[in-house]
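The values are calculated or read from the model by the stated rules, or taken from the named source; none is laboratory data. What you see is a predicted model; the values in this text were computed from it and never measured. Positions of Cβ are backbone-derived with ideal geometry, glycine not excepted, and every protein chain shown enters the neighbour counts. With ligands, DNA and RNA removed, areas are computed over all heavy atoms of the protein, side chains included. Shrake-Rupley method; radii C 1.70, N 1.55, O 1.52, S 1.80 Å.
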Amino acid sequence: MSFEKINRRGLLGIGGAALLCTIGDKQYRVNANTDIARLSSKLSLPPKVKAARDNSALTKADVSGNRNEYWITAEPMRWNIVPKKRDQMTWSSLKNRGRTTINAYGYRAWTPGFGKPLTRSPTVPGPLLEATVGDSLVVNFRNLTPGPVTMHPHGAFYANEMDGSYKGWWTDPGGFVQEGRTFTYLWECPEGTQGTWFYHDHGPLTPLPMYKGLFGPLVIRDPDETPPDREYFLAFHNFSPVVFPQLRQLLWAVNGRAFTGNTTNMRAKVGDDVAIHVYGADDDLHTFHLHGHRWEENGVIIDNKTFGPADAFRIRFIEDNPGRWLYHCHVLPHLHDGMIGWYLVD
Ligand SMILES: [Cu+2]
C-alpha cells in the first residue's frame, strides 16, 4: 500500500476542476459533483490512525482547571440558506435566485454521553464552545458524516496530538476521525489564550467539509472582564455552487443564512453593554460594518473593520442609538448577495 495514494491534490482533482483553493503552497480542486463518500473510500489510513482504538481515553489527571465538557457530532443535513424566502430589506422575493436548500454538514451539541441532541438539527455554524481562562475544554467528537472529518481549534493551547489536523503519514487519530468513530480532544485555556476564536474541520478532505458548514465559534473569556449584557457571534462565509449543485449562484452568508430577516437578528436596548464577535470562515476578505455605531480599535474610532480568512475579533460598545440598523459586509457584491442583517435597538 503506497502512502502516496493519499495525495490530496490527486484526490480532490477527480471529476474535473471547478474551484482551486490554496492551503499553504498547494492547490486543491473541488467541484459540485465531488462525492465525499466515494473519495473517502480511496483514502489510505495513516498508520497512527489505523493503530488507534476507538477513543482516546482522557484521564482526570490530563485535565487542568475546570473541565468544560462537550459532546459534539458532525452530521450531514438539509440546510435552507434563505428560510424566509425573502429579503426583508427590499421586501423582494428571492425565487429568481433558484433553490436555496442544500446538502450541508453541521456540528451539533448533545447532552453528556451523546444522550440527546440539544438542537433539532445540526447547524451552520456549529454550537458555541465556551471556556474561561484556567479551564480545559474537553470535546468528545463523533463523526456521523460519510468521510473523515475533525475539529481543530484556534486560540486554545493544545498538545500536538490534539491539533485535529490531517498531516499525511504523521496524522494522529484526532486528525482523521472516521465515520462512526469518536475522538476526545483536550484543549487548554491558560492565561494568554483569552479572546474570540473559532473551530473547524481540518481533516484529510479539507477544505470541502468546511465549505459544507463544519465550523463554529469558540470564546475564551477573561475572568477579570465584566460580562456584556448582550452578546452575538457572527460567522462571515459563503455557499458556492462549486460545492452545492443545488445552487444557481454563490450566496454570501452570515451564520449560515443570507439576506435580512434570514441572517441573525441582533437585538439590544439603549444602555446595554454590547459585544459582537465576528470571524471569517471562508476564503475571502470581508468587512464588518455596523450602521449608526462606532467603536475603538488601537486608539482609532472606526465603524468598519476589514478581516480575512480565520480572522476573529470582538467589538464592544455601550448602546446609545435606538432604531432599526443594518450590519453588513462592505464588499459590495457580498452585500448584494446576502451578507447583511438587522440590528434592532429598543
Ligand atoms: Cu464580504
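Here are the numbers:
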read-out	value
Some residue of the range 286-305 being modelled with pLDDT of 95 or more, open to solvent by 30 Å² or more (accessible area, probe 1.4 Å), under 22 Å from the mean Cα position of the chain (by Cα) and basic (Lys, Arg)	yes
Which numbered condition GLY261 fails, given (1) open to solvent by 10 Å² or more (accessible area, probe 1.4 Å); (2) touching a residue at least 12 places away in the same chain (Cβ under 8 Å); (3) over 14 Å from the mean Cα position of the chain (by Cα)	(1)
Filter pass, PHE236 being touching a Cys at 6+ places or on another chain (Cβ under 7 Å) and not basic (Lys, Arg)	yes
Filter result (out of contact with any His (no Cβ under 6 Å at 6 or more places or on another chain) and within 16 Å of the ligand (Cβ to nearest atom)) within the range 206-241	TYR211, LEU234, ALA235, HIS237, ASN238, PHE239, SER240
Lone qualifier among ALA275, ALA258, ALA253, ALA281 - being away from the ligand (no atom under 16 Å from the Cβ) and among the hydrophobic types (A, V, I, L, M, F, W, C)	ALA275
Flag for VAL138 being under 26 Å from SER121 (Cβ atoms), part of a strand (DSSP E or B), in contact (Cβ under 8 Å) with a residue 24 or more places away in the chain and more than 17 Å from the chain's Cα centre (by Cα)	yes
Number of the exception - LEU137 against (1) in contact with a strand residue (DSSP E or B) (Cβ under 6 Å, 6 or more places away or on another chain); (2) closer than 30 Å to SER240 by Cα	(2)
Of all residues making up the range 264-280, the number that are out of contact with any Asp or Glu (no Cβ under 9 Å at 6 or more places or on another chain) and open to solvent by 10 Å² or more (accessible area, probe 1.4 Å)	2
Which numbered condition HIS237 misses (of (1) closer than 21 Å to GLY106 by Cβ; (2) outside any strand (DSSP E or B); (3) open to solvent by less than 40 Å² (accessible area, probe 1.4 Å))	(2)
Meets criteria (over 30 Å from PRO227 (Cβ atoms), open to solvent by 40 Å² or more (accessible area, probe 1.4 Å), assigned by TED's automatic domain parsing to the domain that holds ILE340 and modelled with pLDDT of 95 or more) for ARG97	no
Number of positions in the range 306-346 that are within 16 Å of the ligand (Cβ to nearest atom), of a type outside the set (A, V, I, L, M) and surrounded by fewer than 17 Cβ atoms within 10 Å (Cβ to Cβ)	7
Among residues of the range 285-304, those that are within 15 Å of the ligand (Cβ to nearest atom) and either touching a His at 6+ places or on another chain (Cβ under 8 Å) or closer than 21 Å to TYR211 by Cβ (or both), counted	5
Residue that is farthest from the chain's Cα centre (by Cα) [pool: residues in the range 102-122 that are open to solvent by less than 40 Å² (accessible area, probe 1.4 Å) and more than 15 Å from PRO209 (Cβ to Cβ)]	PHE114
Which numbered condition GLU161 misses (of (1) assigned to a loop (DSSP other than H, G, I, E, B); (2) more than 21 Å from GLY280 (Cβ to Cβ))	(1)
Subset tally (residues that are in contact with a helix residue (DSSP H, G or I) (Cβ under 7 Å, 6 or more places away or on another chain) and either open to solvent by less than 50 Å² (accessible area, probe 1.4 Å) or farther than 19 Å from TYR70 by Cα (or both)) for the range 146-194	22
